[in-house]
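One structure is given below, encoded as structure tokens.
The values are calculated or read from the model by the stated rules, or taken from the named source; none is laboratory data. In this text, all values refer to a predicted model and were calculated from it rather than measured experimentally. Heads up, the Cβs are rebuilt from the backbone with ideal geometry, glycines too, and the neighbour counts pull from every protein chain shown. Accessible surface areas use protein heavy atoms only, side chains included; no ligands, DNA or RNA. Shrake-Rupley method; radii C 1.70, N 1.55, O 1.52, S 1.80 Å.
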Amino acid sequence: MGDVEDVEDAEQEARRRRATAWHDAERALWRSPAEASVGERLTELRELLDVAHRLMDPYELIDTYGGGPVAEVEQRVAELLGFPAAVYFPTGTMAQQVALRCWAGRTGSDVVALHPLAHPEVHEDGALGAVSGLRTVHPTTEPRLPTAEEVRDCPEPFGTLMLELPLRDAGFVLPTWDELVDTVDAARERDAVVHFDGARLWECGPHFDGRDLREIAGLADSVYVSFYKSLGGMSGAALAGPEDVMAEARVWLHRYGGLLFQQYPAALSALRGLKEELPRLPSYVAHARMVAAALREAFAEAGVPWFRVHPETPHTHQFQVWLPYDPEDLTAASLRLTEETGTVLFRRWFRAPAGGPPGVAATEVTVSAPGLEWNAEDVREAARGFLEVLD
């Protein structure tokens, strides 16, 4: 046990060191809520009082197993996405479980077609099968969403097609608008319903030629959205869809243990994100494209033998960078740059995802409000500094 405990202690210390460096850095492309101190989060809770006065009737009764701020979030999400109803969930994993379970009952099929890199397959410990009794099939293994032809040619019948927009683990990638429409139509031809994993749906509009959320969400039968991944909320998610499906979803919410007594802090932070952060996302997407271009320029000018910024032009405000080094060495160099210069360019690196060659590591880059202060030369300078400490 001693060796195991020593390893756990070392990992905890490494995590604390990274978090401290990122938190104390003067400059970053984005700030993660996970890097905030307890005191800073408590300050945020105090600020939510002002949010309540600005975004809803502060004299509205507090939520008790729903209602109050929770109901306000549900109504706002339903309006934004153009659905009759929405249900607030404590986690996205639970929201998706419930959505797919409800559709399985209606279609008579327990088979869900999705990508092998989709969130339920990679990040939920097999919950679809273990908890909900659902089975998955994969129309494609390519590091992108399935095409219409692949959906039509899937050899097994399925009741629901789940599309993750964007597909995070493949590089936050999206199809074109016409490709998405064709893929949805192909599912309908097979009498399947379509569910969008829209954890990051909020920032997809610019890639889809500026289409609004209603038009994008309107392609699907139901949509899940997250409040903390892009909107800066404390936690929470919502599922939007038809009235009858959402009525059943409320029943499963209770059965899955998600009907919490009170959730007003998280609900208020969601309202703030919808009001204040959602309108800013297009500017983040535009700036991410500048950052990606500057990184490519810096790597090329430095003579890096091989690199990849993926997608070359980001589809959202997040993208991947690939380099042919050990991920531990890249993580160490990223941390050293931050500790020596007070600048966060990259954070942690991991083995390259699907489609990546051996010996290549990847990291995710996010651009949000702090990143708007960077110009192209700032990015190139930070990249040069990173390559220097890497050598």
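Of the residues that sit in the range 72-94 and are of a type in the set (D, E, K, R) and crowded, with 20+ Cβ neighbours inside 10 Å, which one is modelled with the lowest pLDDT? Within the range 72-94, the match that is modelled with the lowest pLDDT is Glu72.
Could you go through the range 191-208 and let me know if any residue there is under 22 Å from the mean Cα position of the chain (by Cα), surrounded by fewer than 18 Cβ atoms within 10 Å (Cβ to Cβ), on the phi > 0 side of the Ramachandran plot and of a type outside the set (Phe, Trp, Tyr). Looking for residues that are under 22 Å from the mean Cα position of the chain (by Cα), surrounded by fewer than 18 Cβ atoms within 10 Å (Cβ to Cβ), on the phi > 0 side of the Ramachandran plot and of a type outside the set (Phe, Trp, Tyr), one finds none in the range 191-208, hence no.
When Leu117, Leu128 are screened for being out of contact with any Cys (no Cβ under 9 Å at 6 or more places or on another chain), of a type in the set (A, V, I, L, M) and assigned to a loop (DSSP other than H, G, I, E, B), only Leu117 passes. Out of Thr136, Thr140, Thr147, Thr176, one residue alone is polar (S, T, N, Q) and open to solvent by less than 20 Å² (accessible area, probe 1.4 Å). It is Thr140. For the range 95-105, the condition of being closer than 30 Å to Val291 by Cα, under 18 Å from the mean Cα position of the chain (by Cα) and either surrounded by 22 or more Cβ atoms within 10 Å (Cβ to Cβ) or among the β-branched types (Val, Ile, Thr) (or both) holds for none of the residues. Residues in the range 365-375 that are in a helix (DSSP H, G or I) and either at pLDDT below 95 or open to solvent by 30 Å² or more (accessible area, probe 1.4 Å) (or both): Ala369, Pro370, Leu372, Glu373.
A quick yes/no check of all residues on (1) basic (Lys, Arg); (2) open to solvent by less than 40 Å² (accessible area, probe 1.4 Å); (3) in contact with a Leu (Cβ under 7 Å, 6 or more places away or on another chain); (4) touching a residue at least 40 places away in the same chain (Cβ under 8 Å):
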{"residue": "Trp30", "(1), (2), (3), (4)": "no, no, no, yes"}
{"residue": "Leu48", "(1), (2), (3), (4)": "no, yes, yes, yes"}
{"residue": "Val51", "(1), (2), (3), (4)": "no, yes, yes, yes"}
{"residue": "Asp57", "(1), (2), (3), (4)": "no, no, no, no"}
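Of all residue pairs spaced 6 or more apart or on separate chains, those with beta-carbon atoms under 7 Å, a first member in the range 155-168 that is farther than 27 Å from Gln318 by Cα and free of Cβ contacts under 8 Å to residues at least 60 places away in the same chain and a second member that is among the polar types (S, T, N, Q) and not in a loop (DSSP other than H, G, I, E, B) are Gly159/Thr107.
You will find that of Ala266, Ala302, the residue that is under 30 Å from Val51 (Cα atoms) and either touching a Leu at 6+ places or on another chain (Cβ under 7 Å) or not aromatic (Phe, Trp, Tyr) (or both) is Ala266 and no other.
Residues in the range 258-298 that are part of a helix (DSSP H, G or I), open to solvent by 30 Å² or more (accessible area, probe 1.4 Å), within 19 Å of Met56 (Cα to Cα) and not aromatic (Phe, Trp, Tyr): 6 in all. Based on this model, can you work out whether Phe386 counts as open to solvent by less than 60 Å² (accessible area, probe 1.4 Å), in a loop (DSSP other than H, G, I, E, B) and touching a helix residue (DSSP H, G or I) at 6+ places or on another chain (Cβ under 7 Å)? No, not satisfied. With the condition kept exactly as written, say whether any residue in the range 299-320 is assigned to a helix (DSSP H, G or I) and of a type outside the set (A, V, I, L, M, F, W, C). Yes - at least one qualifying residue is present in the range 299-320.
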